[in-house]
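J.: Structure in structure tokens, see below.
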Amino acid sequence: MQFIKLTLCAIVFGAFAISASCQTQAADVIEDVRQRFQAVGVDEVPDFQQHVVPLMGRVGCNGRACHGSFQGQGGLRLSLFGYDFKMDHDGLSERLDTDEPAESYALEKATMVEAHEGGKRMDIDSWEYNIFLRWIEGGAKPVETPQKLVNLKVTPKEVVFTAKEQSQPLKVIAVWEDGTQEDVTPLCRYSTNDDMICSIDEDGIVSSGEVGDAHVVVAYDAAIVPVPILRPVSDQTGDQYPQIASRTEIDQHVISKLRKLGIVPSDVCTDAEFLRRVSLDITGTLPTANQVREFLADSSPKKREQKVNELLETPAYAAWWTVQLCDWTGCSDQFLNNVNPANRQRGSKDWYDWIYKRVADNVPYDTLTEDIVVASSREDGESYRDYSERMSSYAHDKDASFSDQKGLIYYWGRSNFRQTEDRAIGFAYTFMGTRIQCAQCHKHPFDVWTQNDFQEFEKFFARVNFARNGSERNVYNAMIEELGLKGLRGNEQRRAVEKLLKQGKTIPFPELVINKPRVSPAARKKLQQAKAKGRKVNIPAKTAKLLGEQVVDVDNIADPRTALMDWLRQSPTKLFAKAFVNRVWANYFNRGIVEPTDNLSLGNPPCNQELLDYLAQGFMDSGYDMKWVHTQICLSDTYQRSWSPNETNKQDERNFSRAVPRRMPAELVIDALAMATVNDERATNFTSDLSDRALQRTSPPRNANSGADYALSVFGRSTRESNCDCDRSSEASLLQTLFVRNDQDTLKMLDARQSWLAQYFKQNKAKDADQQRIERQRVAGENQFKTLMRQLVKAKRAKNKTQIKNIEKRIEATEKRLDALPKPKKEKLLVDFNPEKVIEEAYLRTVSRFPTDNEREISLAYIQNSKDPSTGMKDLLWALINTKEFMVNH
């Protein structure tokens, strides 16, 4: 594999972050243009890149609502946010008059001398007007060679307010590669990430709002710099902050931020809360009643650590985290129709099994990723026929499995992943947690990437081809003819292939190949001549740029994807590591350190930069050990905080001062309902025997109209339709409430033969004919009685005495018939029934704790007043699974 040496220079993503280590040569800072161009007749000529284009951003000319839109406005189109200097200069040139600068149409429109749909953008003789005027007077020169901005220094680096409606001006210094430093405060674009916490005006003056923390974002040229803004929620800051234990580095970073905000964290949660929370988060599974009893009785000081290690070794851990990796990588049968000719529904199963094996074996995350990114169909020395034979064996050989395949080739075979732009966007989403689709059309508004950067990045994917008929057409055709499939097409061929595969035949499989670089006929002739003379032959360089600006000769690399993998590992931005730890963190805390979790960008900074940096670096230092991340998080006090708030943190859902109750993900809800209602024997092996569990549903179905797939869709399982973590929903809905309360699938769980209730009460399903007949008569009589009672009410309202008398006679006759029917046999207890013990068991298997004395008393009274114990117990269990305490992870 070719390793790309990645430079740490200022051209990478983080080059524009505030840096205390910037060693630019000392130089005087040029005062801002507001001062320099306040007066008319200034000698200085503004620069188009450094002054004019940023000023157009300030006054709104190149915004989405004006000339920066795709259609432009009034016949003028500018690049959105001013990233394309040539386009902007060409567009303005037609509206400039260098002979009579003040009569330039562009100036007359902006000052409303000429009618302007966008309104007045500046006053004549203002400093903004003077900049445009002097630039035109100086010849309206374009940008010949763009200057490189090496740093954007913003002061103060952090703003702390003490009250509402306070203000703090920012000062922004641009440092160019020639050493020039200029105050560009009036030329920046400013925005706030939370206008409830703070606002910022066009002059860079920040104003405080409500208590809490947010960021303002400063944009100038290609730079994006976030500035933290804080307003403490209490006076318990600095020296006034109480002594809080910080057992782990995670705790230290979290407490450091809380200290600034005056937020005191909640206490550590109870053992019962911890066990339920960590079991759901790591394994997607409720603890059994016995596991709760044993954990609460255990007095070992290391029992929480031991429990975490125990859970990380269960098959359920591998299954739950496989589900999430399948979400991020896009495993869906909807887009895998043609990856496996043996079975159209087999693609997601193979994909799931492949990832599951690696999670279970704790394969380092970078290795797992590498086997996706540089996946290859054939093994070394394998022919296409050999490859097809091996792939065919996975379908009929019980000892063979697609999970043994070195690479996950299906990732590249999805029908929504064929175009280079789709691959560029999907790759960045999956492995970098980043949204780059904006850069398809214009400069990214919240990061440094331009449209040209996106187009260059696409080139890394141009030679990747998932060939449905293999890369050797003659061999493929020969195999088709040998199998007697010549002339068959579409579904007819697919059915025949499936039949042959079941007979143990080898069928031709699609193949992932890296196409050779495209070379012009003239260049190919020269290469052939040079090769004939024994010279070393290199294909003419065709370069592509990684998003961090590194240039790679992609046509002289056997597989350009190796450069991508090298870059993921070595990039100083560490987006690869950050994306993973941020998503894992979100699983445990209801939100990421960066939120949304798939939007790591300079304009969307983390709520705790030091915490994210620590986890990312530690993950890398561990050898990308996924279990290291889980262990670090779960053993911190930060994770183990109670959900019960105090006065300082009751509004905090951003800084991890308490556990935030969160609805369980879809798969966990369905499995929790199953585990709460199944018998003890099944519950005991729920983490090891994954059969019939929602965690093993490998793909969103094409039609989720019934059964578990319908339930999963109700609770927001990931649709895996787009490059967005928002494909999975955690929002609550009325439909979810109705499902748990009275959907037939939920009620069947309570009544099933293998249910927990069936352990106590004999369920005689094979009733004889007489019993069935008597039951039908009883139901019919009860229905008739209800109808007659309704009729009686109406007759009394109408005061019809004759009708009242007749109905009362019929009611009396119906009651006699019902009384004459044989009484139903009392249900037989299979075991000794101790109501108090069973009530305790019901609470342990649903909410993972013992009932309070009050709850015991109420439950016992209800069962004793029920028509029979089984009805009382069923109602109690139904009530428990419908509580918020059951449905949320807290």
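J.: Just name the residue that is least open to solvent (accessible area, probe 1.4 Å) out of those in segment 310-341 that are out of contact with any helix residue (DSSP H, G or I) (no Cβ under 8 Å at 6 or more places or on another chain) and of a type in the set (Asp, Glu).
T.: Top of the filtered list is Glu310.
J.: State whether one or more residues within segment 344-359 are open to solvent by 30 Å² or more (accessible area, probe 1.4 Å), closer than 30 Å to Tyr476 by Cα and part of a loop (DSSP other than H, G, I, E, B).
T.: For segment 344-359, residues open to solvent by 30 Å² or more (accessible area, probe 1.4 Å), closer than 30 Å to Tyr476 by Cα and part of a loop (DSSP other than H, G, I, E, B): present.
J.: Name the pairs whose Cβ atoms lie under 6 Å apart, with the first residue in segment 833-846 and over 11 Å from Ser859 (Cβ atoms) and hydrophobic (A, V, I, L, M, F, W, C), the second assigned to a helix (DSSP H, G or I) and open to solvent by less than 40 Å² (accessible area, probe 1.4 Å), and 6 or more positions between them or separate chains?
T.: Leu844/Ala289; Leu844/Val292
J.: Answer with yes or no whether Arg414 is over 25 Å from Ser79 (Cα atoms), modelled with pLDDT of 85 or more and of a type in the set (D, E, K, R).
T.: So Arg414 fits the description; yes.
J.: What number of residues within segment 609-627 are over 23 Å from Thr283 (Cβ atoms) and either buried (at least 23 other Cβ atoms within 10 Å of the Cβ) or in contact with an Asp or Glu (Cβ under 7 Å, 6 or more places away or on another chain) (or both)?
T.: Here the count works out to 3.
J.: Okay, next question. Need the failing condition index for Val374 against (1) touching a residue at least 40 places away in the same chain (Cβ under 8 Å); (2) more than 28 Å from Glu667 (Cβ to Cβ); (3) open to solvent by 40 Å² or more (accessible area, probe 1.4 Å); (4) touching an Asp or Glu at 6+ places or on another chain (Cβ under 8 Å), just the number.
T.: (3) is the only condition that Val374 fails.
J.: Something else about it: Among the helices (runs of 4 or more DSSP H) lying completely within segment 3-122, list those that include at least 1 residues that are more than 33 Å from the chain's Cα centre (by Cα), surrounded by 13 or more Cβ atoms within 10 Å (Cβ to Cβ) and at pLDDT below 75.
T.: Hits in segment 3-122: none.
J.: From Glu249, Glu273, which residue is more than 23 Å from Trp643 (Cβ to Cβ), under 29 Å from the mean Cα position of the chain (by Cα), open to solvent by 10 Å² or more (accessible area, probe 1.4 Å) and not small (Gly, Ala, Ser)? Spell out the reasoning first.
T.: Details: Glu273 fails: more than 23 Å from Trp643 (Cβ to Cβ).
Matching residue, one of Glu249, Glu273: Glu249.
J.: Which members of segment 166-188 meet the condition of being surrounded by fewer than 18 Cβ atoms within 10 Å (Cβ to Cβ) and touching a Gly at 6+ places or on another chain (Cβ under 8 Å)?
T.: Across segment 166-188, the qualifying residues are Pro169, Lys171.
J.: Identify all residues within segment 839-860 that are open to solvent by less than 40 Å² (accessible area, probe 1.4 Å) and of a type in the set (A, V, I, L, M); write none if there are none.
T.: Those that are open to solvent by less than 40 Å² (accessible area, probe 1.4 Å) and of a type in the set (A, V, I, L, M): Ile839, Ala842, Leu844, Val847, Leu860.
J.: Further, regarding this structure: Taking segment 106-131 only, how many residues are under 18 Å from Ser93 (Cα atoms) and hydrophobic (A, V, I, L, M, F, W, C)?
T.: 4
J.: Can you pull out the residues in segment 224-253 that are in a strand (DSSP E or B) and either farther than 20 Å from Cys607 by Cα or of a type in the set (D, E, K, R) (or both)?
T.: The answer is Arg231, and nothing else.
J.: Right, next: What number of residues in segment 785-804 are of a type in the set (Gly, Ala, Ser) and either surrounded by 15 or more Cβ atoms within 10 Å (Cβ to Cβ) or in contact with a strand residue (DSSP E or B) (Cβ under 9 Å, 6 or more places away or on another chain) (or both)?
T.: 1
J.: For segment 655-672, enumerate the residues that are in a helix (DSSP H, G or I) and either open to solvent by 10 Å² or more (accessible area, probe 1.4 Å) or more than 17 Å from Ser730 (Cβ to Cβ) (or both).
T.: The answer is Ile670, and nothing else.
J.: Right, here's the next one. Can you name the condition, by its number, that Lys153 falls short on among (1) in a loop (DSSP other than H, G, I, E, B); (2) touching a strand residue (DSSP E or B) at 6+ places or on another chain (Cβ under 9 Å)?
T.: Against the list (1) in a loop (DSSP other than H, G, I, E, B); (2) touching a strand residue (DSSP E or B) at 6+ places or on another chain (Cβ under 9 Å), Lys153 comes up short only on (1).
J.: Buried (at least 16 other Cβ atoms within 10 Å of the Cβ), out of contact with any strand residue (DSSP E or B) (no Cβ under 7 Å at 6 or more places or on another chain), charged (D, E, K, R) and touching a residue at least 40 places away in the same chain (Cβ under 8 Å), is that true of Asp652?
T.: So Asp652 passes the test.
J.: Are any residues in segment 252-269 open to solvent by less than 40 Å² (accessible area, probe 1.4 Å), under 19 Å from Val581 (Cβ atoms) and not aliphatic (A, V, I, L, M), and if so, which ones?
T.: Selection gives Lys257 alone.
J.: When Gly548 is evaluated against the numbered criteria (1) at pLDDT below 95; (2) part of a helix (DSSP H, G or I); (3) open to solvent by less than 10 Å² (accessible area, probe 1.4 Å), which criterion, by number, is the only one it fails?
T.: The failed condition is (2).
J.: Can I ask one more? So which residues in segment 392-422 are in a helix (DSSP H, G or I) and either more than 30 Å from Glu458 (Cα to Cα) or in contact with a strand residue (DSSP E or B) (Cβ under 6 Å, 6 or more places away or on another chain) (or both), if there are any at all?
T.: Ser392, Ser393, Tyr394, Ala395, His396, Asp404, Ile409, Trp412
J.: Something else now. Cβ-Cβ under 8 Å, sequence separation 6+ or interchain: first residue in segment 728-740 and under 28 Å from Leu325 (Cα atoms) and hydroxyl-bearing (Ser, Thr, Tyr), partner open to solvent by less than 80 Å² (accessible area, probe 1.4 Å) and in a helix (DSSP H, G or I). Which pairs?
T.: Ser733/Val714
J.: Of a type outside the set (S, T, N, Q) and over 21 Å from the mean Cα position of the chain (by Cα): which single residue out of Glu653, Glu647 fits that description?
T.: Result of the check over Glu653, Glu647: Glu647.
J.: Can you name every residue in segment 132-150 that is on the phi < 0 side of the Ramachandran plot, of a type in the set (A, V, I, L, M) and either under 45 Å from the mean Cα position of the chain (by Cα) or in a loop (DSSP other than H, G, I, E, B) (or both)?
T.: Val143, Leu149, Val150
J.: Checking the structure you have, find out if any residue of segment 593-603 is touching a Pro at 6+ places or on another chain (Cβ under 9 Å), more than 30 Å from Asp235 (Cβ to Cβ), open to solvent by 30 Å² or more (accessible area, probe 1.4 Å) and at pLDDT below 95.
T.: So far as segment 593-603 goes, yes, one or more of its residues are touching a Pro at 6+ places or on another chain (Cβ under 9 Å), more than 30 Å from Asp235 (Cβ to Cβ), open to solvent by 30 Å² or more (accessible area, probe 1.4 Å) and at pLDDT below 95.
J.: Now for a separate question. Go through segment 655-703 residue by residue and tally those that are in contact with a strand residue (DSSP E or B) (Cβ under 9 Å, 6 or more places away or on another chain), among the hydroxyl-bearing types (Ser, Thr, Tyr) and closer than 20 Å to Thr746 by Cα.
T.: The total comes to 1.
J.: I need the full set of residues from segment 189-210 which are more than 27 Å from the chain's Cα centre (by Cα) and touching a residue at least 60 places away in the same chain (Cβ under 8 Å), in order please.
T.: Arg189, Glu202
The values are calculated or read from the model by the stated rules, or taken from the named source; none is laboratory data. Computed from a predicted structure; not experimentally measured. Glycine gets a Cβ as well: all are built from the backbone with ideal geometry, and neighbour counts include every protein chain shown. These area figures cover heavy atoms from the full protein model, side chains too; ligands, DNA and RNA do not enter into them. Shrake-Rupley method; radii C 1.70, N 1.55, O 1.52, S 1.80 Å.
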